[in-house]
Amino acid sequence: MDLKKEEYIDKIKSLAREKNAVIFAHYYTRPEIQEIADFIGDSLALAQQATRVQASILVMCGVHFMGETMKILCPDKKVLIPDMKAGCSLADSCKAEDLALFKAQHPDHMVVSYVNTTAEVKALTDVVVTSSNAKKIVDQLPKDAKIIFGPDHNLGSYINSVTGRDMLLWNGACHVHSRFSLEALLQLKKENPGVEVLAHPECKAPILAQSDVIGSTKALLEHTIKSSAKRFIIATESGILFEMQRACPDKEFIPVPPEVTEGIGCSCNECEYMRMNTLEKLYKCLLNESPEMVVPKEVADKAVLSIQRMLEMS
Ligand code: 13P
Ligand code: SF4
């Protein structure tokens, strides 16, 4: 079926009403998905909100690990995700079997994992963090604790620098955030003197060193809303620009471009996994109540502990 945008929106809204479904979307999804969602947020806000809503069906427009986290936190609800292939290069960079081996080599270390991980990795983790709460949670851990932090090396280095810790870092990265061009950022700063640079902590250290505000997608959005400045340079996935522009129609947001890299499919600062969420797939997934997220009970029972710990410490 090939419908117009407005037709999809009408059909999605009436199906959601009829089936008592709530639609969640991450800030990096397409504008039309953010427009139709009941809740938009960063990964922490989406997980927290999922536990609060009264609904039979939760639809997670984001990536696979976000749907898994939602299912683990709400095992009695039906959790749908418009495209099961919407993965995450960062989550892919840490396989559970490799982490299990690494843990065995460092038996005196606790494991702190970024939420961008599979349920199996969370099951091997002591406490999960997001970019919103990583500093706050690491600060609460015993001062003498030995810590493995994974999988994002850039976020881990940043958290080491702001907490004074010396966590052992996994060598993973997000293919979108690790490819922003330092040269282009320096050029943008030269062309726009005095304009603040806002960056997500998944960016590489040289980009963060040139940034004025470092934070999760939500923290960056909130900064643009409360700041009296009218222009900002943004180093994170470009989907957030939609929400920034919607919240601040009189302000200007200048995205930092990525390095031009041979062999990488997308030469823009978009996460192709997040963009797999389309109105058509969202409509079909509500209509068919499929694909449905399933997490094996033995994995979910362990993973829920590290996610709950995060929610308690946030
Ligand atoms: P947030 O925790 O800021 O939502 O980031 C999630 C993510 O996937 C960043 O690439
Ligand atoms: Fe994963 Fe990067 Fe996409 Fe975020 S932007 S979902 S970390 S691949």
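Of note:
- Of note, Ala219 does not satisfy the criterion of being among the small types (Gly, Ala, Ser), in contact (Cβ under 8 Å) with a residue 24 or more places away in the chain, within 16 Å of ligand 1 (Cβ to nearest atom) and in contact with a His (Cβ under 8 Å, 6 or more places away or on another chain).
- Filter pass, Arg309 being farther than 28 Å from Pro193 by Cβ, away from ligand 1 (no atom under 16 Å from the Cβ) and under 19 Å from the mean Cα position of the chain (by Cα): yes
- Any hit, segment 220-243, residues being basic (Lys, Arg) and modelled with pLDDT under 95: no
- In segment 116-220, counting only helices (runs of 4 or more DSSP H) that sit wholly within it, the ones holding 3 or more residues that are over 20 Å from Ile240 (Cα atoms) and more than 16 Å from ligand 2 (Cβ to nearest atom) span 134-140, 153-163, 182-191, 205-209.
- Residues in segment 159-199 that are more than 24 Å from Phe253 (Cα to Cα), in contact (Cβ under 8 Å) with a residue 12 or more places away in the chain and not aliphatic (A, V, I, L, M): Thr163, Arg165, Trp170, Asn171, Gly172.
- Residue ranges of helices (runs of 4 or more DSSP H) in segment 1-103 with at least 3 members in contact (Cβ under 8 Å) with a residue 60 or more places away in the chain and more than 23 Å from the chain's Cα centre (by Cα): 5-18
- Single residue of segment 191-207 satisfying the filter (among the hydrophobic types (A, V, I, L, M, F, W, C) and crowded, with 20+ Cβ neighbours inside 10 Å) that is nearest to Ser181 (Cα to Cα): Ile207
- Only residues that are crowded, with 20+ Cβ neighbours inside 10 Å, touching a Lys or Arg at 6+ places or on another chain (Cβ under 9 Å) and not hydrophobic (A, V, I, L, M, F, W, C) were counted across segment 84-119, and they come to 2.
The values are calculated or read from the model by the stated rules, or taken from the named source; none is laboratory data. Quick caveat, the model's predicted, so the values are computed rather than measured. All Cβ positions, even for glycine, are placed from backbone atoms using ideal geometry, and neighbour counts span all protein chains on display.
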